[in-house]
Amino acid sequence: MNQNGNQVRVDERVRPAASGGTSAAYFAYTNLLSTTDTLRSLNSDVAKMTQVHESYKTEDGMMGMREKKDIVLQPGEEIQFKQGGLHIMLMGIEKDLNSEDSVTVRLNFAEAGEFTKRLPVKP
Ligand SMILES: [Cu+2]
């Protein structure tokens, strides 16, 4: 929520990247079930490895990021993957990602099953 009480929308996109590099995917997902759900695994069609990362401040004030495991969503809870926060990290990019390409990210939940998201590549 922002200060007006409106839901903040995530700019859905994947960052451009060169083959062999890394990229990140940004979007939001809401648990529409009436039960708690857990993210079991994720993958994408353009990367060798796909992980949920969190951004954090290191002891010397630098920004770092690390894998975030145990993603648990309460009923109705929305998770936002966005720049500077939780994000989907795409590692080992297998081809150049340029504007107007699109990328598929799949999230696998214990309860909701597979959720597929198609995202545009945008700087
Ligand atoms: Cu990351």
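The values are calculated or read from the model by the stated rules, or taken from the named source; none is laboratory data. Because the structure is predicted, anything quoted here is derived from the model rather than measured. In this analysis, Cβ positions are derived from the backbone assuming ideal geometry, glycine residues included, and neighbour counts consider all displayed protein chains. Side chains are part of the model used for accessible areas, which takes the heavy atoms of the whole protein and leaves out ligands, DNA and RNA. Shrake-Rupley method; radii C 1.70, N 1.55, O 1.52, S 1.80 Å.
Among the residues of segment 22-31, which ones are open to solvent by 30 Å² or more (accessible area, probe 1.4 Å) and within 15 Å of the ligand (Cβ to nearest atom)? Thr22 - this is the single residue of segment 22-31 that is open to solvent by 30 Å² or more (accessible area, probe 1.4 Å) and within 15 Å of the ligand (Cβ to nearest atom). When each of Ser41, Ser19, Ser34 is tested for being closer than 21 Å to Phe109 by Cα, loosely packed, with under 13 Cβ neighbours inside 10 Å and in contact (Cβ under 8 Å) with a residue 60 or more places away in the chain, the lone residue that passes is Ser41.
Glu111 fulfils the conditions (1) open to solvent by 70 Å² or more (accessible area, probe 1.4 Å); (2) in a strand (DSSP E or B) except for a single criterion, (2). When Lys68 is tested against (1) among the basic types (Lys, Arg); (2) under 16 Å from Ser41 (Cα atoms); (3) modelled with pLDDT under 95, only condition (3) is not met.
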